[in-house]
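Below is one structure, written out as structure tokens; comments come after it.
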Ligand code: B3K
Ligand code: ZN
């Protein structure tokens, strides 16, 4: 029996709430006794039944005000008690028994390596005890943990440690108290043996906060960067948002078995070790940036998520969209704004746009949910952040910060809604957001088609904007949205058009609010080149029929790096589209000389712009390319991309070699310039690997590398460039790192994304590799996930072998870890844009999966939607 869908419109305030809870854990890996004493308060005088959520544990006893309750209703999902109507406040004591070692779902209390830890968001607390497990029930938690002292020297929970002691039989206990009422999803417990990195942070009001970072024994040499990132984030949040940390201690624990990136539990973040552990030998520059942004993200949740939480799970974007926006701003303020913006936009286009066109399409505030874990999506997170960013654009920094202050003042200590947020923004700034609110309820990616005309006599330039949104799986009717469209104008020579008699460039945020609209620009001395959707001012698809020469001008000369990069993307997509037509007609591929010349020019003038040129020079991945076409022909896309790469490599060869040589560093450094230099040098290497000199070059690059960024760049160049050297280098890496799963993840991904026809067989074999494990989500994602998501041509082999393989893996994961399975199924449900044969093969696998015994709600929800 599958769970029933829940609807946002059905929200009701709870009949009862829990104000205080005392939890006692007698911890053992395979037998943990939990005693939960709760103070329950009646909110609805009419209610006679108290329904508590709970599953996957044994109920030992229930007591109400000290008396055993014999009569209760219990099913697989809940425990329902009769409550006499005269009882307004009472105590409930519930004992449950759990087996963390057997809990492979990695939700609730489970074992990670030798440690025990929890993951309660979204609905995992109900696997620990029976509880009103919803985010609008806020309670004060006191947690006592008793465990074997040798196996679990550290016993951690939320808040402050208030007492501890030793017991007979080598046991000890610790008691924690969290002074801030919180929803159950923020509860956390960790027990284990760790190395600890200690530090402290003085807040701007002078409070001394103890910082502790717990890592597996022997990993202290990979912990410094995460700690530095935490302190940086704490300081940044004070400076930019005026928000200060509120407890005396902040703990982060890194664990190896974790379903997602990290979790913001109050005062006790639990992290996937991938987002904590980093040193120059094990982590790439991108890994470092990932650590910094996730550490920031979880820290920023302390205010946006924890102090102000969500009323119900439909409001998830209230905390996630906002917190992603905050972490993006953190990375942009402390690093390169343009590079961050480009990377965020790449992610949105490659991952969120397809999601919004898939059977799983949903607004950033979903209306209907079967399994909440399925809605921790690119849409809720990344598009949610774009919606916040648009409000920031419309209100300006000052108005936005005023809105933030009002939002927090009104909702601190409460469970709020997206509407509460928008209302605060609106009242604090005076900006009318009535139409803008539609972004919360409408799904799909809006499309803007722009045309223009120029009247030389009147010096008047006009842009005609047409907006429409295609029907999506969840929603037929679409309405015009309020879209901030940022426009800058350039002259044919690539100089910004200035406002009359000033040296200020003409740059405007156009308020697109109707289906058809025309905007006029006056005093424009000659027909301009428009730079449209600058900085990606809205999460939309925009088309304007540019000439190649116009895009080349923008790519070379635009003052804004985002515009330069985006012009390059449009050029590459133009080349792809043109060659896709030729592919259909069996004509040879072509590549405009003007683009090759311009790329050469960019490389010659890269000094001071290294990171942007590296991004601009790198072709969209096959997956990114696929997003831009109506029907995806994986083989054609991969072949054309290959052709384009070879053409660029040949045409730019001299400059590629020159820049590659010039950028060789004397010694490893970690700072923005060094990162930019490595990025450009390694971007050159990817092309050079395709030339005859490639073999020796990648080999030398690999063996000379003194850091993981360069090592991995060599391996990527060798594998993607199909160099013979690849095998030797991969084996060398494997021997060096086989003991370290986190590092081996990079190797698994390289193997999974190799473009040759043996890729699937290789992936199958690697599932028996000594470093691989089906129970570790990081390994599964690095191998199986990388293959099915990023190896476009090999996963989509015409015989359907890739799909059959994924189905087998999903059957296995359905039983052990449905959350991971549900992430992995995505490529299969997105069949609509493939040819009929492939569609049939993909659907057949979905049909097969649908019949699996005990199909999880997670998979059920997606398969149902896909086959509907
Ligand atoms: N809030 C968590 C995600 C929880 C996912 C539950 N399936 C991490 C984050 O967004 O910060
Ligand atoms: Zn988050």
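May I ask you to verify whether residue 221 is over 24 Å from residue 146 (Cα atoms), more than 16 Å from ligand 2 (Cβ to nearest atom), in a helix (DSSP H, G or I) and over 26 Å from the mean Cα position of the chain (by Cα)?
The answer is yes for residue 221.
How about segment 314-330: which of its residues are within 21 Å of residue 123 (Cβ to Cβ) and within 10 Å of ligand 1 (Cβ to nearest atom)? Spell out how you get there, then give the answer.
So the first thing to find is which residues in segment 314-330 are within 21 Å of residue 123 (Cβ to Cβ), and the list is 314-321, 323.
Within segment 314-330, 316, 319, 320, 323 meet the criteria.
Taking segment 319-338 as the region of interest, how many residues are more than 18 Å from residue 537 (Cβ to Cβ) and away from ligand 2 (no atom under 11 Å from the Cβ)?
Summing the residues that are more than 18 Å from residue 537 (Cβ to Cβ) and away from ligand 2 (no atom under 11 Å from the Cβ) in segment 319-338 gives 6.
Any idea how many residues of segment 503-546 are part of a loop (DSSP other than H, G, I, E, B), out of contact with any helix residue (DSSP H, G or I) (no Cβ under 8 Å at 6 or more places or on another chain) and over 12 Å from residue 489 (Cβ atoms)?
Matching residues across segment 503-546 total 7.
Which of the residues that make up segment 366-403 are away from ligand 1 (no atom under 16 Å from the Cβ) and not in a helix (DSSP H, G or I)?
Residues satisfying the conditions are 367, 368.
Checking the condition within 22 Å of residue 1 (Cα to Cα) and touching a helix residue (DSSP H, G or I) at 6+ places or on another chain (Cβ under 9 Å), which residue from 784, 820 passes?
820
Looking at 381, 440, which one is within 16 Å of ligand 2 (Cβ to nearest atom), within 29 Å of residue 260 (Cβ to Cβ) and under 24 Å from the mean Cα position of the chain (by Cα)?
381
Test each condition in (1) part of a helix (DSSP H, G or I); (2) over 13 Å from the mean Cα position of the chain (by Cα); (3) within 16 Å of ligand 1 (Cβ to nearest atom); (4) touching a residue at least 40 places away in the same chain (Cβ under 8 Å) for residue 309 and report the one that comes out false.
Going through (1) part of a helix (DSSP H, G or I); (2) over 13 Å from the mean Cα position of the chain (by Cα); (3) within 16 Å of ligand 1 (Cβ to nearest atom); (4) touching a residue at least 40 places away in the same chain (Cβ under 8 Å) one by one, residue 309 breaks only (1).
Given 610, 627, which one is more than 20 Å from residue 679 (Cα to Cα) and under 29 Å from the mean Cα position of the chain (by Cα)? Walk me through it before giving the result.
Values: 610 fails: more than 20 Å from residue 679 (Cα to Cα).
None of the others qualify; the one that does is 627.
Could you say which residue among 145, 162 is in a strand (DSSP E or B) and buried (at least 22 other Cβ atoms within 10 Å of the Cβ)?
Among 145, 162, only 145 is in a strand (DSSP E or B) and buried (at least 22 other Cβ atoms within 10 Å of the Cβ).
Among the residues of segment 831-843, which ones are closer than 14 Å to residue 632 by Cα and surrounded by fewer than 19 Cβ atoms within 10 Å (Cβ to Cβ)?
If the condition is that a residue be closer than 14 Å to residue 632 by Cα and surrounded by fewer than 19 Cβ atoms within 10 Å (Cβ to Cβ), then 832, 833, 834, 835, 836, 837, 839 are the ones that fit.
Pick from segment 261-301 the residues that are part of a loop (DSSP other than H, G, I, E, B) and within 11 Å of ligand 2 (Cβ to nearest atom): which of them is surrounded by the most Cβ atoms within 10 Å (Cβ to Cβ)?
Top of the filtered list is 301.
Do any residues in segment 312-323 that are in contact (Cβ under 8 Å) with a residue 60 or more places away in the chain have Cβ atoms under 6 Å from those of residues that are more than 10 Å from ligand 2 (Cβ to nearest atom) and outside any helix (DSSP H, G or I), where the two are at least six apart or on different chains, and which pairs are they?
312/11; 313/122; 314/365; 314/366; 315/417; 317/364; 317/365; 318/310
If you check 652, 617, 656, which single one turns out to be closer than 25 Å to residue 347 by Cα and buried (at least 21 other Cβ atoms within 10 Å of the Cβ)? Before you say what the answer is, go through the steps one by one.
Values: 652 fails: closer than 25 Å to residue 347 by Cα; 656 fails: closer than 25 Å to residue 347 by Cα.
One residue alone meets the criteria, 617.
What do you reckon, is residue 98 more than 23 Å from residue 20 (Cα to Cα), modelled with pLDDT of 95 or more and in contact with a helix residue (DSSP H, G or I) (Cβ under 9 Å, 6 or more places away or on another chain)?
Values: more than 23 Å from residue 20 (Cα to Cα): no; modelled with pLDDT of 95 or more: yes; in contact with a helix residue (DSSP H, G or I) (Cβ under 9 Å, 6 or more places away or on another chain): yes.
In short, no.
The values are calculated or read from the model by the stated rules, or taken from the named source; none is laboratory data. Note that this is a predicted model, so its numbers are computed, not measured. FYI the Cβ positions are ideal-geometry reconstructions off the backbone, even for glycines, and counts take in every protein chain you see.
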